[in-house]
Structure formats: structure tokens, C-alpha cells
Amino acid sequence: MKALKKYGTYIAFILAFGLMLSYAVEGVRNGIAGTIDLFIGPLSDTLGVPFFAVILFLSALTGLYASLIQKYTIDYEKMQEVQARMKDFQVKFREAQLSDDEKAIKKLEAKRDAMLQEQLAMSQQQFKPMAYIILLTVPIFFWLLYRLHEMEMSTALTMDTAIVFPFKGIIALNELAVWIIPAWILWYMICSLTVSQVIRKALNIGGI
């Protein structure tokens, strides 16, 4: 149990990296998507939920579990304390430099390495939840790509194959909305970021 706790993050990163590499293997990618389809597919197939609404649901789900993972893997109270101490240190160091107080500068320089190491440790801690979030998110993207590929066979714009964007009007979900970003990814990002901010505010873990 201790070993799992100690090496859990590294294991998660290895699994996440392997999962991303599996995108190149069609059989594995479609196998994962097919498994996910058993649970998510009925939303549109049985209940008739428009696909843009399914994307909204999945992006909201992503925002929820990402926020919860970050809340329980990052010590936000300590992070805020470290940031506050670093800000106070920078103010004092700047004042010492402006006043040419060599004694104060040397005293502060002696503390600087410890402050920087503490800040680096907190920065590294922010990477911990990334592996777990990737492990949960990549299969969702596999499923979305799987379903959107099926929709490419249809040339008609319907509630399942299109979405309305400001200044763009009705466009296909697979169509490029901004630069090289497809409409479905842009819609997913907008929904996920919006829901995440609400959840993070409720959980008191700050902004992204």
C-alpha cells in the first residue's frame, strides 16, 4: 500500500502515456471507444439527446472529476502560504536592493534558495493530478472521435451533426471553427472551462 502511494503517480503517468500512444493502434482505440459506447451511447441512441448536448455532458463531467482530483492531490492551503511568503520575500528583497542595504540583501539571499526549492516542490505537486486526469479523459476523446467518424458519413446538417457558433452560424461538428480547431473540440473546451470554474469556486480551489 505504501509502495502504491509512493509510486502511484509514476504508474499513472506511464499508463497515461501508453494510453495516448494507443491512439495510433486502431484496434485498441476502437476497442476502448466501443467499451465506452456501452455506457455513453444510449444517451443519443436511446434517449435521443443531441450530440452537442452529449459533448456538454462529457465536458461537464471532465470539469467535475478534474477539479475533484486536483482538490485531493494538491495542498492548496500550503500553496497559498508559499505564494504569499514568496511575494513578501520579493517585496523585501526589492526594497533592500533599492536602499542598498547589503546586510539585508545577504540575509535574504541566504533564504532565497530555500524559498525557491519550496516553490519548485509546490510547482511539481501541480503535475500530479495530470496523469489521473489524462487516464480518464483520453478514453472519452476516443469515443467522441469514434462517433464523429460515423457522423462524417452523413452530409446533412442535423442536431446530431452540427452546432451554432456566434459569427459562424450552423457548422458541422467536424468542421474547423477557429484556425485548426474543429467545432466539437472548441465546444468541449468552452463547456469544460466554464463548468470547471463554477466547480472550482464551489470547492474553493481557485481558478485554473
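The values are calculated or read from the model by the stated rules, or taken from the named source; none is laboratory data. All values derive from a computational prediction rather than experimental measurement. Quick reminder, even Gly has a Cβ in these numbers, built from the backbone with ideal geometry, and neighbours come from all protein chains shown. Note: areas computed on protein heavy atoms with side chains; ligands, DNA, RNA excluded. Shrake-Rupley method; radii C 1.70, N 1.55, O 1.52, S 1.80 Å.
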key: segment 60-102, subset under 28 Å from T137 (Cβ atoms) and part of a loop (DSSP other than H, G, I, E, B), residue farthest from the chain's Cα centre (by Cα)   = D75
query = Can you tell me which residues in segment 29-51 are assigned to a helix (DSSP H, G or I), among the aliphatic types (A, V, I, L, M) and surrounded by 15 or more Cβ atoms within 10 Å (Cβ to Cβ)?
reply = I32, A33, I36, I40, L43
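Of the residues I163, I208, only one is farther than 30 Å from Q80 by Cβ and either at pLDDT below 85 or out of contact with any Phe, Trp or Tyr (no Cβ under 7 Å at 6 or more places or on another chain) (or both); which?
I163
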key: Residues located in segment 70-85, provided they are among the hydrophobic types (A, V, I, L, M, F, W, C) and either open to solvent by 30 Å² or more (accessible area, probe 1.4 Å) or free of Cβ contacts under 8 Å to residues at least 60 places away in the same chain (or both)   = M79, V82, A84
request  = Mind counting the residues in segment 123-143 that are at pLDDT below 90 and either more than 24 Å from I205 (Cα to Cα) or open to solvent by 70 Å² or more (accessible area, probe 1.4 Å) (or both)?
outcome  = 6
task = Residue by residue through segment 169-183, note down the ones that are of a type outside the set (S, T, N, Q) and in contact with an Asp or Glu (Cβ under 9 Å, 6 or more places away or on another chain).
result = A172, L173, P182, A183
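Here is a yes/no grid of residues against (1) open to solvent by less than 40 Å² (accessible area, probe 1.4 Å); (2) assigned to a helix (DSSP H, G or I):
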| site | (1), (2) |
| --- | --- |
| A104 | yes, yes |
| Q117 | no, yes |
| A121 | no, yes |
| L145 | no, yes |
| A177 | yes, no |
| Y188 | yes, yes |
| V198 | no, yes |
| A202 | no, yes |
| I205 | yes, no |
Yes/no for I163 being aliphatic (A, V, I, L, M) and either outside any strand (DSSP E or B) or surrounded by fewer than 16 Cβ atoms within 10 Å (Cβ to Cβ) (or both) = no
